[in-house]
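A short write-up of the structure that comes next.
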Amino acid sequence: ADRVPFYGTHQAGIATPAQDRLAFATYDITATGSAQEKRAALRTLLRTWTAAAAAMTQGRTVPGDNTDLNAPPADTGEAYGLPPANLTITFGLGTSLFDDRFGLADRRPAALADLPHLPPADLDPDRSGGDLAIQACADDPLVAFHAIRNLARIGRDTVVMRWSQLGFGKAASNGADQQTPRNLMGFKDGTRNIHGDDTALMDQHVWVGKETDQTWMRGGSYLVARRIQMRIEGWDRDYLADQQNVFGRYKYSGAPLTGSKEFDTPDFKAKGADGQPVIPAKAHIRLAAHENNGGIRILRRGYSFTDGIVAASGELDAGLFFIAFQKDPREQFVALQRKLGMNDALNEYIQHVGSGLFACPPGVTAPGRSWAEELL
Ligand code: HEM
């Protein structure tokens, strides 16, 4: 099978197995007029976008005329003839959408609170925010890119792309049957991630449920994106034992420093001959693990990225485009990142440089319906 169903109670691209490639984009709305007119334009856009996404994910071209010799074809064509490569197109609404422009301020979910400043982040506004977001994932980079490009094109009179990010080498497994991939630091990533087919954990930590103050979000989830640059050169000069202490895991096997196999449960209480904890106090997994956080868990679904070099230093501009899904970012991503930002040994080697928070509504259940229909 090379296609993922588009219609369903949840959007694809969250619980469904992570594909190899990512094309992520955010868009700002440019429609003018009264709040009502702008909202109508948004409604029309989302109806068109939804139909186009349903078609593209099943390997079909963007609906419209593709043969009229006197008009530009509806579909740009670069994915024509390619299999859908498990393309998923996941849609989200940004915090900036819930303002007076659209008269949506009172429909804003409490959980969609702007992310606070989370030191030591140094965010670039040109790589942050956006009224709408699209996460396109596929096993073929051209197929994923084709999706964000064509949605921008279809929305020409209503939206402009604000920023985009390509990702390769999925940086977190989210399924029991997947082999754990490695991030650009060379470590296995996703070992203790939530698995998309674990419905109990998904309901508990990822899907928005009855607790929400906004019923249109039930069955949806909140996407946090962080462009995290790695200081690759410094990392590559660090000695192996220290690299392993930064994460609290062995580099090659992925096992916790208290175990011998990848999926062994870390023993955070174990002490070495020197009386020090075997998994160091500032190790990434000690700080991030649910056992040490009052049970907080998130679904990670990030990708590695590289975008040439950083002009100032000549170092590679590369790292992790972190994506996490959760039912309440205030109590999950923000709580976790507060703790990591203060103490994580990894901070010496990373810097958060871009950020976004998006409310991903529930899935579209049938043809003719559209994303965020209940909101608009
Ligand atoms: C675990 C890498 C950023 C949350 C891990 C693991 C690695 C890793 C190698 C161990 C394997 C695993 O269980 O997946 C990285 C890198 C990062 C980064 C390279 C930045 C470039 C973050 C951020 C968060 C986070 C920003 C959340 C705010 C977690 C969690 C775990 C984890 C919850 C599971 C811990 C456990 O239960 O044992 N990460 N991570 N990570 N990371 Fe990260």
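The values are calculated or read from the model by the stated rules, or taken from the named source; none is laboratory data. Only a predicted model underlies this, so the values are computations on that prediction, with no experimental measurement involved. Cβ: placed from backbone, ideal geometry, glycine included. Neighbour counts: every protein chain shown. Keep in mind that these areas ignore ligands, DNA and RNA; they rest on the heavy atoms of the full protein, side chains included. Shrake-Rupley method; radii C 1.70, N 1.55, O 1.52, S 1.80 Å.
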### Query
Just wondering, is there one or more residues in segment 248-259 that are within 26 Å of Arg338 (Cβ to Cβ), buried (at least 19 other Cβ atoms within 10 Å of the Cβ), within 14 Å of the ligand (Cβ to nearest atom) and touching a residue at least 40 places away in the same chain (Cβ under 8 Å)?
yes
### Task
Consider Lys271 carefully, then state whether it is away from the ligand (no atom under 12 Å from the Cβ), within 26 Å of the chain's Cα centre (by Cα) and farther than 30 Å from Trp371 by Cβ.
no
### Query
Does any residue of segment 307-318 turn out to be under 30 Å from Phe98 (Cβ atoms), assigned to a strand (DSSP E or B) and open to solvent by 20 Å² or more (accessible area, probe 1.4 Å)?
no
#### Entry: Residues that are β-branched (Val, Ile, Thr) and either touching a strand residue (DSSP E or B) at 6+ places or on another chain (Cβ under 7 Å) or within 16 Å of the ligand (Cβ to nearest atom) (or both), drawn from segment 344-376
Ile350, Val353
### Task
Out of Val353, Val334, report the one residue that is assigned to a helix (DSSP H, G or I) and more than 20 Å from Val246 (Cα to Cα).
Val334
### Message
For segment 160-171, give me each residue that is of a type in the set (A, V, I, L, M) and either within 18 Å of Glu78 (Cα to Cα) or surrounded by fewer than 24 Cβ atoms within 10 Å (Cβ to Cβ) (or both).
### Response
Val160, Met161, Leu166
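Looking only at segment 64-103, which residues are in a strand (DSSP E or B) and of a type in the set (S, T, N, Q)? Don't jump to the end; show me each part of the working.
Our first condition is that a residue be in a strand (DSSP E or B); within segment 64-103, this holds for 88-94.
Thr88, Thr90 - these are the residues of segment 64-103 that are in a strand (DSSP E or B) and of a type in the set (S, T, N, Q).
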### Query
Which helices (runs of 4 or more DSSP H) sit wholly inside segment 182-293 and have at least 1 residues that are over 28 Å from Arg108 (Cβ atoms) and touching a strand residue (DSSP E or B) at 6+ places or on another chain (Cβ under 8 Å)?
232-237, 284-288
### Subset tally (residues that are closer than 28 Å to Gly295 by Cβ and either near the ligand (Cβ under 8 Å from one of its atoms) or in a strand (DSSP E or B) (or both)) for segment 319-331
7
### Query
Somewhere in segment 332-343, is a residue open to solvent by 60 Å² or more (accessible area, probe 1.4 Å), within 13 Å of the ligand (Cβ to nearest atom) and at pLDDT below 95?
yes
### Task
Considering every residue within segment 365-376, establish whether at least one is within 23 Å of Asn193 (Cβ to Cβ) and at pLDDT 95 or above.
no
### Query
So which residues in segment 9-44 are assigned to a loop (DSSP other than H, G, I, E, B), open to solvent by 20 Å² or more (accessible area, probe 1.4 Å) and farther than 19 Å from Arg153 by Cα, if there are any at all?
Thr9, His10, Ala15, Thr16, Pro17, Asp20, Gly33, Ser34
### All positions within segment 294-306 that are in contact with a helix residue (DSSP H, G or I) (Cβ under 8 Å, 6 or more places away or on another chain) and either in a loop (DSSP other than H, G, I, E, B) or over 25 Å from Cys137 (Cα atoms) (or both)
Ile296, Arg297, Ile298
### Query
Quick one: which of Asp198, Asp213, Asp203 is of a type outside the set (Ser, Thr, Tyr) and within 16 Å of the ligand (Cβ to nearest atom)?
Asp198
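A quick yes/no check of all residues on (1) open to solvent by 60 Å² or more (accessible area, probe 1.4 Å); (2) out of contact with any helix residue (DSSP H, G or I) (no Cβ under 8 Å at 6 or more places or on another chain):
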residue: Ala71; (1), (2): no, yes
residue: Phe91; (1), (2): no, no
residue: Arg101; (1), (2): yes, no
residue: Ala105; (1), (2): no, yes
residue: Pro119; (1), (2): yes, no
residue: Leu123; (1), (2): yes, yes
residue: Ile134; (1), (2): no, no
residue: Arg149; (1), (2): yes, yes
### Condition check for Arg47: among the basic types (Lys, Arg) and assigned to a loop (DSSP other than H, G, I, E, B)
no
### Query
Is there any pair with a first residue in segment 183-195 that is of a type outside the set (A, V, I, L, M) and a second that is open to solvent by 50 Å² or more (accessible area, probe 1.4 Å) whose Cβ atoms are under 8 Å apart and which are 6 or more apart or on different chains, and what are they?
Lys188/Arg182; Asp189/Arg182; Asp189/Arg300; Gly190/Arg300; Thr191/Phe263; Asn193/Arg300; His195/Ala176
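Which one of Thr16, Thr32 is of a type outside the set (D, E, K, R) and at pLDDT 95 or above? Steps first, please.
On the way: Thr32 fails: at pLDDT 95 or above.
Result of the check over Thr16, Thr32: Thr16.
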